[in-house]
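Take a look at the structure set out below.
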Amino acid sequence: MPNGKMKWIRGGRIVTATEDFTGDILVRDEKIVAMGQDLKAMALGAEEVPAAGLLVFPGGIDAHTHLDLPFMGTSSSDDFQTGTIAAAAGGTTSIIDFAIQSQGKSMKDALNVWHEKAAGKAVIDYAFHMAVTDLNERTMTEIPGIIEGGITSFKCFMAYKGALMVDDGQLFRLMQMVKKLGGIVTLHAENAELIESLVPQFLKEGKTAPVYHELAHTAIGEGEATNRAISLSRAAGHPTYIVHLTCDEALHHVKDSLTRHRHPVFAETCPQYLLLDREYYERPGFEGAKWIMSPPLRTKGDQEVLWAALRDGFIQTIATDHCPFDFHTQKQMGKDNFAKIPNGAPGIENRMNLMYTYGVLQNRISLNRFVQILCTNPAKIFGMYPQKGTLAPGADADIVLFDPNVENTISVKTSKHRCDYSAFEGFKTKGAPVGVLGRGEWLFKDGKAVAPKGWGKFVKRARFSGTSEMVR
Ligand code: URP
Ligand code: ZN
Ligand code: ZN
């Protein structure tokens, strides 16, 4: 009778950010207890999991998701249950979602709301970034307690003026404060004034179609805001992290900071910016609304620059920015006005398959680098390492069994997310998770989501203590 609390993963090709060998992993309860060549002698009574021919990765960490997010007059269509089931099917075993402060309210209020949304529903582990939208003397006093509670990263929006945006002074003061306390500020970098000038001009000229969203959210504006964000971070003498970076205009400033100024900056991009381009907005009718997100999809030239930066270490993480809205209902809110289309698209399920197929198999990144940018770097930057993000004795048993030979075509028909379209419809993939463990429990097995409801736990993260050297 197998001991359900022990699992013996046998004979897989184990890949971490630095290792690649064929061997066994022994899991007891929620932890990895041993790794090595032949663990049969230690595995008495364990459930045997044959892994010959499979790749064995650490569970993926998606450091940028928006589940159950009230935004632009509606709410993202996945909640913490449906969204994390989809994540697990795609090989992601932890997410960092954004608890967004409402203006006029405290950060603690937002955290309470997000804890309620997630607890008892999430099937994978979750943490929160604190998204700060109202920074004043009163709310500043909350920050030490928030960091103490394991929320050690803060997000600010340089866009969404009048809704989520904070100004440069607030941003700078937040950077100074978290520097002292062991936090890091992450930034959505776009020039809000430029956007807020262009949007009404287009609308006045009757230019209401989705393509004008892209023309209002320029790469120049993203580059300017990225430069400003990095300049503020240099002035504060503390690293920053740029979320969903899309283009050469922005990347240029990250490279400049790392090479010329030797100032540590982290950058994240997403599969959509690597694989989809601005021509999606020119699809007939209103279809382009499916890819309305901020910043928007860019050019094919930008994609090549991003791939090179991933390989060379200037971009350190891949997240999804999963923020789904149904096309047939929610996206229609902007049928006559592109500025009312809820910003965001689904993708939580597709990160590993897409990055393996279009990154590793096309020789753009190595297999070790793949693990580093999907698993290890987000864990290191955001204070979850070595509990998560790697395979090692003592780490959480978050494990992906990945069959490199399975071929799929991405389709909404087979997706587990709760959204009526897929942003990657028709994309062919080779390689897919066939088994996923979260803290030793099966979350996904033989093509089925099998996670116990509410298995996911809140992850209290360690303070930020790094430089970009640790993840390059
Ligand atoms: O368009 C996007 N990215 N929606 C989600 C919110 C954000 O800006 O990250
Ligand atoms: Zn954003
Ligand atoms: Zn986002």
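Test each condition in (1) open to solvent by 10 Å² or more (accessible area, probe 1.4 Å); (2) in contact with a Pro (Cβ under 9 Å, 6 or more places away or on another chain); (3) more than 16 Å from ligand 2 (Cβ to nearest atom) for residue 66 and report the one that comes out false.
Among (1) open to solvent by 10 Å² or more (accessible area, probe 1.4 Å); (2) in contact with a Pro (Cβ under 9 Å, 6 or more places away or on another chain); (3) more than 16 Å from ligand 2 (Cβ to nearest atom), the lone unmet condition for residue 66 is (3).
Give me the pairs: first residue in segment 126-146 and under 23 Å from residue 396 (Cβ atoms) and assigned to a strand (DSSP E or B), second residue open to solvent by 30 Å² or more (accessible area, probe 1.4 Å) and of a type outside the set (Asp, Glu), beta-carbon distance under 9 Å, and six or more apart or on different chains, which are they?
From residues that are under 23 Å from residue 396 (Cβ atoms) and assigned to a strand (DSSP E or B), the pairs are 126/457; 126/458; 127/458; 127/460; 128/115; 128/458.
Which of the residues belonging to segment 329-368 are among the aliphatic types (A, V, I, L, M) and open to solvent by 40 Å² or more (accessible area, probe 1.4 Å)? Let's see the steps before the verdict.
Keep residues of segment 329-368 that are among the aliphatic types (A, V, I, L, M), which gives 333, 339, 341, 345, 348, 352, 354-355, 360-361, 365, 367.
Answer for segment 329-368, where residues must be among the aliphatic types (A, V, I, L, M) and open to solvent by 40 Å² or more (accessible area, probe 1.4 Å): 333, 339, 361.
Taking segment 87-104 as the search range and keeping residues that are among the aliphatic types (A, V, I, L, M) and over 21 Å from residue 355 (Cα atoms), which one is surrounded by the most Cβ atoms within 10 Å (Cβ to Cβ)?
Initially, segment 87-104 is screened for residues among the aliphatic types (A, V, I, L, M), giving 87-89, 95-96, 99-100.
If we keep only those that are over 21 Å from residue 355 (Cα atoms) as well, we get 99-100.
On the way: 99: 24, 100: 22.
Result: 99.
Can you find, within segment 164-177, the residue that is nearest to ligand 3 (Cβ to nearest atom) among those that are surrounded by fewer than 24 Cβ atoms within 10 Å (Cβ to Cβ) and touching a residue at least 40 places away in the same chain (Cβ under 8 Å)?
Out of the qualifying residues, it is 164.
Exactly one condition in (1) assigned to a loop (DSSP other than H, G, I, E, B); (2) touching a residue at least 24 places away in the same chain (Cβ under 8 Å); (3) touching an Asp or Glu at 6+ places or on another chain (Cβ under 9 Å) is false for residue 12; which is it?
All conditions are met except number (1).
Name the one entry in 434, 412, 371 that is open to solvent by less than 10 Å² (accessible area, probe 1.4 Å) and over 30 Å from residue 146 (Cβ atoms).
Numbers: 434 fails: open to solvent by less than 10 Å² (accessible area, probe 1.4 Å); 412 fails: open to solvent by less than 10 Å² (accessible area, probe 1.4 Å).
371 is the lone residue from the list that is open to solvent by less than 10 Å² (accessible area, probe 1.4 Å) and over 30 Å from residue 146 (Cβ atoms).
Among what's in segment 286-300 and is aliphatic (A, V, I, L, M) and closer than 22 Å to residue 226 by Cα, pick the residue that is nearest to the chain's Cα centre (by Cα).
Checking each candidate, the answer is 293.
Inside segment 261-298, can you point out the residues that are touching a Lys or Arg at 6+ places or on another chain (Cβ under 8 Å), away from ligand 3 (no atom under 16 Å from the Cβ) and closer than 19 Å to residue 321 by Cβ?
277, 278, 280, 289, 290, 298 - these are the residues of segment 261-298 that are touching a Lys or Arg at 6+ places or on another chain (Cβ under 8 Å), away from ligand 3 (no atom under 16 Å from the Cβ) and closer than 19 Å to residue 321 by Cβ.
Looking at (1) of a type in the set (A, V, I, L, M, F, W, C); (2) part of a strand (DSSP E or B); (3) open to solvent by 10 Å² or more (accessible area, probe 1.4 Å), which is the only condition residue 400 fails?
The single condition residue 400 does not satisfy is (3).
Quick one: how many residues across segment 452-472 are open to solvent by 30 Å² or more (accessible area, probe 1.4 Å) and touching a Gly at 6+ places or on another chain (Cβ under 8 Å)?
The number of residues fulfilling the criteria is 8.
It is to be established whether one or more residues within segment 312-328 are hydroxyl-bearing (Ser, Thr, Tyr) and either surrounded by 21 or more Cβ atoms within 10 Å (Cβ to Cβ) or within 15 Å of ligand 2 (Cβ to nearest atom) (or both).
First, the residues of segment 312-328 that are hydroxyl-bearing (Ser, Thr, Tyr): 317, 320.
When the remaining residues are screened for being either surrounded by 21 or more Cβ atoms within 10 Å (Cβ to Cβ) or within 15 Å of ligand 2 (Cβ to nearest atom) (or both), the result is 317, 320.
So far as segment 312-328 goes, yes, one or more of its residues are hydroxyl-bearing (Ser, Thr, Tyr) and either surrounded by 21 or more Cβ atoms within 10 Å (Cβ to Cβ) or within 15 Å of ligand 2 (Cβ to nearest atom) (or both).
Out of curiosity, is residue 4 more than 16 Å from ligand 1 (Cβ to nearest atom), part of a strand (DSSP E or B) and at pLDDT below 95? Give the steps one after another, and end with the answer.
Values: more than 16 Å from ligand 1 (Cβ to nearest atom): yes; part of a strand (DSSP E or B): yes; at pLDDT below 95: yes.
Judged against the criteria, residue 4 is a match.
Just to be sure, is residue 429 surrounded by fewer than 22 Cβ atoms within 10 Å (Cβ to Cβ) and either part of a loop (DSSP other than H, G, I, E, B) or in contact with a Leu (Cβ under 7 Å, 6 or more places away or on another chain) (or both)? Explain how you work it out, then say what you get.
Working: surrounded by fewer than 22 Cβ atoms within 10 Å (Cβ to Cβ): yes; either part of a loop (DSSP other than H, G, I, E, B) or in contact with a Leu (Cβ under 7 Å, 6 or more places away or on another chain) (or both): yes.
Yes; evaluated as a whole, the condition is true for this residue.
The values are calculated or read from the model by the stated rules, or taken from the named source; none is laboratory data. All of these numbers come straight from a predicted model, not from anything done at the bench. Positions of Cβ are backbone-derived with ideal geometry, glycine not excepted, and every protein chain shown enters the neighbour counts. Protein only, heavy atoms only, side chains kept; ligands, DNA and RNA dropped before computing areas. Shrake-Rupley method; radii C 1.70, N 1.55, O 1.52, S 1.80 Å.
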